[in-house]
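Working notes, structure below.
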Amino acid sequence: MSNTFDVLILGGGSGGYATALRAAQLGLSVALIEKDKLGGTCLHRGCIPTKALLHAGEVADQTREAEAFGVKAELIGVDMSGVNAYKDGVVAGLYKGLQGLIKSAKVTYVEGTGKLVGPTTVEVAGVQYTGRNLVLATGSYSKTLPGLEVDGEYVIASEHALVLDRVPASAVVLGGGVIGVEFASAWKSFGTDVTIVEALPRLVAAEDEEISKTLERSFRKRGINFKTGKPFEKVEKTDAGVRVTIQGGETIEAELLLVAVGRGPVTAGIGYEEQGLKMERGFVLTDERLRTNLPNVFAVGDIVPGLQLAHRGFAQGIFVAEEIAGLNPVPVVESGIPRATYCDPEIASVGITEAQAKEKHGAENVETYNYNLGGNGKSKILRTQGFVKLVRVKDGPVVGVHMIGARMSEQVGEAALIVNWEAFPAEVAQLIHAHPSQNEALGEAHLALAGKPLHAHA
């Protein structure tokens, strides 16, 4: 058996396995190397298990609030072993399905830690594999701050938080980005006393400013504490857990500290530097066609600078497979990638923010419209609040859609079509949105921006 393949992939997460499946579909010979489990962080320690936790939290909240809907129920407690069994069951089912896909696609699957030993050659446990094309998809890890040691017990990262056998009585979450607000939201639903510490001036700072304001208002209402514009200084162990000191000398005591300060690229010690791969701050640099500076070497997913999202890696994987096969696919546009944060209330967005649009097109050329979910029948039924915000270029297309409220991640699909197809408000206004649905909020917002508001004020 020859150990040379058309496509050799290092890393079996969203980016790596998508490359493998698409390349195999296109008739190329493929080998996929993975040191841990197929599916990577997203399936085993990221997107899927965290959303399962958040859904369990939602069920707890709905039980608490059942009386508001005329249903008599009481929340006796949260059994973390039961929650974990549910979460692990979801992951196991998806993992089995993915293993089946790779097998039926006749991809050569190599389990073990790979290291680059030549421009397109990877060694695993003494065996060398060579690709006519090499795709690097080694993913990311939970970052920490200098001098802040994650011990897995009192100071934990997201992977530890996912396997906790108890509901912590109290927790400090360091970082108010996507991971931080999702864990804070889930824990609060389970009954934990949560405080988020964020060095930047607002929570979810990458989102449109109005989204941040609404999330902060909702979190206050839910009793989730947060300190923004307050950099972390130090953590000390106490008899009861941890004492966290933030800028200004203020201290917060809690059972544990979750470090959610983002994810770093897994690129060290794999032989990248030795082969002369061009890198910056640990990230692999590529052109828009995801080619690195080495011939026939591509990189996808979290190791490429930009949004660290599973679906971005997935899309890039498909792109690279098609590029290698000579199909000349259209590059993935970063701003056209939908983004979702699954806290309560949910946040979903695609395209650019109002501030980015003004910077790009000039303030006088940007129009925005906010449609309040208070006017949406289904949102009233769900008892959720929030809004859909449209950002458009004057007399031009919609360049950004920003949403907050229950189930908004389910609306971002249409929003992605609107932004990526450069739709004008009048074009979207022609589309019929089902009633009663939250999806109508997108329709109403575009009707208003097209100058014919029905359930909204212009």
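Read-outs throughout are calculated quantities, based only on the coordinates presented, and are distinct from any laboratory measurement. If you're wondering where the values come from, they're calculated on a predicted model, not measured in any experiment. In this analysis, Cβ positions are derived from the backbone assuming ideal geometry, glycine residues included, and neighbour counts consider all displayed protein chains.
If you average the C-alpha positions of segment 228-254 and of segment 300-341 separately, how far apart do those two centres end up, in angstrom? With segment 228-254 and segment 300-341 each reduced to a Cα centre, they are spaced 39 Å.
When each of the peptides 221-229, 349-357 is scored by the mean number of other C-beta atoms lying within 10 Å of its residues, the order from highest to lowest reads 349-357, 221-229.
Each of ILE246, PHE283, VAL235 was placed along the dipole of segment 233-290 (beta-carbon charges, centred on the mean Cα), and the one lying farthest toward the positive end is PHE283.
Site pair GLN430 and ASN370 shows an inter-label distance of 3.1 nm when each label is modelled 7 Å from Cα along Cα→Cβ. Model label points for VAL330 and ARG222, set 7 angstrom from Cα along the Cα-to-Cβ axis, are 3.6 nm apart.
For segment 345-449, the alpha-carbon radius of gyration amounts to 1.00 times the rule-of-thumb value 2.2 N^0.38 Å expected for a compact globular protein.
Put in line by how crowded their Cβ is, counting other Cβ atoms within 10 Å and starting with the fewest, PHE283, PHE298 read PHE283, PHE298.
Computed extension gain for GLU410 through LYS213, at 0.36 nm per residue and net of the alpha carbon distance, reaches 68.8 nm. Checking the cross-link pairs LYS278/LYS358; LYS87/LYS143; LYS37/LYS230; LYS213/LYS380; LYS227/LYS378 against a 30 Å limit on the alpha carbon distance flags LYS278/LYS358; LYS37/LYS230; LYS227/LYS378 as lying beyond it. Extension gain, ASN293-GLU159: 0.36 nm per intervening residue step, less the Cα-Cα distance, totals 44.9 nm. For the pair GLU58 and ASP88, label points projected 7 Å from Cα toward Cβ lie 2.4 nm apart.
Rg/Rh for the chain stands at 0.98; both radii use Cα atoms, and Rh follows the Kirkwood definition. With the highest mean first, a sort of the peptides 404-414, 64-74 on other beta-carbon atoms found within 10 angstrom per residue produces 404-414, 64-74. Net length available on complete extension from ALA268 to LEU285 is 4.7 nm, with 0.36 nm assigned per residue and the Cα-Cα distance removed. Of the peptides 24-32, 180-188, the ranking by mean beta-carbon count within 10 Å, highest at the top, reads 180-188, 24-32.
Work out which helices of the chain, taken as complete DSSP H runs, extend at least 30 Å along their axis over the Cα atoms and score a mean Kyte-Doolittle of -1.0 or more, then list them.
80-104
Of all aspartates and glutamates in the structure, the ones whose alpha carbon falls short of 17 Å from that of LYS234, not counting any fewer than 8 places away in one chain, are GLU149, ASP151, GLU153, GLU198, GLU250, GLU253, GLU255.
Sorted from longest to shortest, the spans of the Cα atoms of segment 155-261 along the three principal axes equal 40, 30, 24 Å. For segment 138-171 and segment 66-121, write down the distance between their C-alpha centroids in whole Å. Answer, in whole Å: 19.
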